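We did not get these values from a lab; they are worked out from the coordinates using the rules stated. This one's a predicted model, so the numbers in the text were calculated from it and none came from an experiment. Neighbour counts run over all protein chains shown; Cβ positions are idealised from the backbone, glycine included.
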């Protein structure tokens, strides 16, 4: 069995007494896309820094295609940072030349195709580019080496909706061709559209790591509307199968982890005017996960 | 990414050479001088027109300018922090990358030294002091270029561990170096400490030896030292500082 292209095992990073990443274990298989979600300060960027060797893990291991990171790893690993880094004095074409000289797998035809996709002019100097254009250049550079492993930190940052869609398509295309993609985003919809699996971090810990479809089938929302105010729920709120209960006027909303039918039966026994069970979307799953500690 | 450093070095050299050329042109418009007296502590050397300017003296001047150039390029590893997402994700060891940067920068320091030496020779010739190869010239050339290299290495060693601060270090290093040199003759413990710190001050070693004997800062400060010994120390320190930077920079966390 081949090792997953990205494998983190118990990754921990401490800065003094502060633990930025706390025992994160995560595998991203070849041909799959993992979306990394989390509130600001959750440890996503620090995780990326550790994977890329920008920061030394305090504990745990990182393997890229089954081996520790070496300079040679970067022949097949591409990284798009949150704030695209470019050499301000150079043109876009100069950056492509740099990449052509540095990477054996650099594909000039692919680079030209991507420049056209993002409507970039090779003669433009980096210092004149907008934030979105810089991101587009960084993405062009990353995908031009036809990487087997892609790490993207907020890859659509500053891009317009059309180019954001292009980025997602590029990731999906790369995964379809066997690459492993790990990307972070604050836009849950992007993760829902592009990723097969989702990892959610909170306070340095990985609190969710699952295939998105499994997550969606596991959690449901039961919405009930009563004729008057919501009646006394009895022991319903403390039922371990319920993740969260929200009440607003005559509306009761219960997020369930499993056995939603049984919970619906219990609510139905309170004689609501109407009741329905709906699937959770990823945004609700994310909100549930990050707010669970406050429940 | 060494190509980027090459472009930086080339651009800096063009500016540096342009400014030096301007200085030389201005001097060439000035009236020619008669006799030049160079005073050292306890000695005075008199240069009369036609006598020739010792190459060692011109080398000392060139070393000073090489140190100025080294100040401009001397924090290249620190500056690279701004673009580390590009340079540290290259399929090349960071140590090798640092070494390549330094070799390029030091080649630039050598060119800057040579340009300054050429400019000094032109001015000296114009003033009827054509350069002459004195016995100490060889050693002094090695020493003076070494001072530029040491300045470069010192800046790299002081800044490579940090994400920023290169410009601040560039700004304060010259005043600090001059102040330490000036104050190190103070009596008491402060003077002793400053004399110790002065040992890593490149300017401390930038003296020259004429046929009349040593004429260097060390002599003023009570550290007479032959030029060949100073050259050896300067190069050891320059390489030592560069080695520190090569060791520290790749291990630095981003």
Subject >> Acute angle (nearest 10 degrees) that the helix A:282-291 long axis makes with the longest principal axis of chain A, alpha-carbon atoms >> reply: 80
Original post:
For region A:1-91, taking Cα atoms only, what is the radius of gyration to one decimal and the Dmax to the nearest whole Å?
Top reply: 14.2, 46
**OP:** Identify which of B:199, B:20, B:190 has the largest mean-square fluctuation in a Gaussian network model of chain B, with springs joining Cα atoms closer than 10 Å.
**Re:** B:190
Original post:
Along the three principal axes, how long is region A:220-279 when you take its alpha carbons, biggest first, rounded to the nearest angstrom?
Top reply: 28, 22, 19
Original post:
How far apart, in nm, are the 7 Å Cα→Cβ label points at residue A:277 and residue B:164?
Top reply: 5.5
Original post:
Given the alpha-carbon gyration tensor of chain A, what are the semi-axes of its equivalent ellipsoid in whole angstrom, ordered largest first, with each equal to the square root of 5 times an eigenvalue?
Top reply: 42, 21, 16
Original post:
Using 7 Å Cα-to-Cβ label points, what is the residue A:67/residue B:107 separation (nm, one decimal)?
Top reply: 3.1
Original post:
Tell me, what is the Rg over Rh of chain B, with Rh the Kirkwood radius over Cα pairs?
Top reply: 1.00
Original post:
Taking only DSSP H segments of four or more residues, each worth -39500 (n - 2.57), what value at 222 nm results for chain A once the sum is divided by all its residues, to the nearest 500 deg cm²/dmol?
Top reply: -9500 deg cm²/dmol
Original post:
Roughly how tilted is helix B:55-73, in degrees to the nearest 10 and between 0 and 90, from the longest Cα axis of chain B?
Top reply: 30
Original post:
If you line up the long axis of helix A:161-176 against the longest principal axis of chain A, both from Cα atoms, how many degrees apart are they, to the nearest 10?
Top reply: 80
Subject >> Projected-area average for the protein assembly as shown over all orientations - Cα convex hull basis, square nanometres >> reply: 34.7
Subject >> Förster radius 25 Å - calculated FRET efficiency between residue A:177 and residue A:205, Cβ distance, rounded to 0.05 >> reply: 0.15
**OP:** Pop a pseudo-label 7 angstrom from the Cα along the beta-carbon direction at both residue B:128 and residue A:93 and give the gap in nm to one decimal.
**Re:** 5.6
Original post:
In whole angstrom, how far apart do the alpha carbon centroids of region A:93-139 and region A:215-261 sit?
Top reply: 51
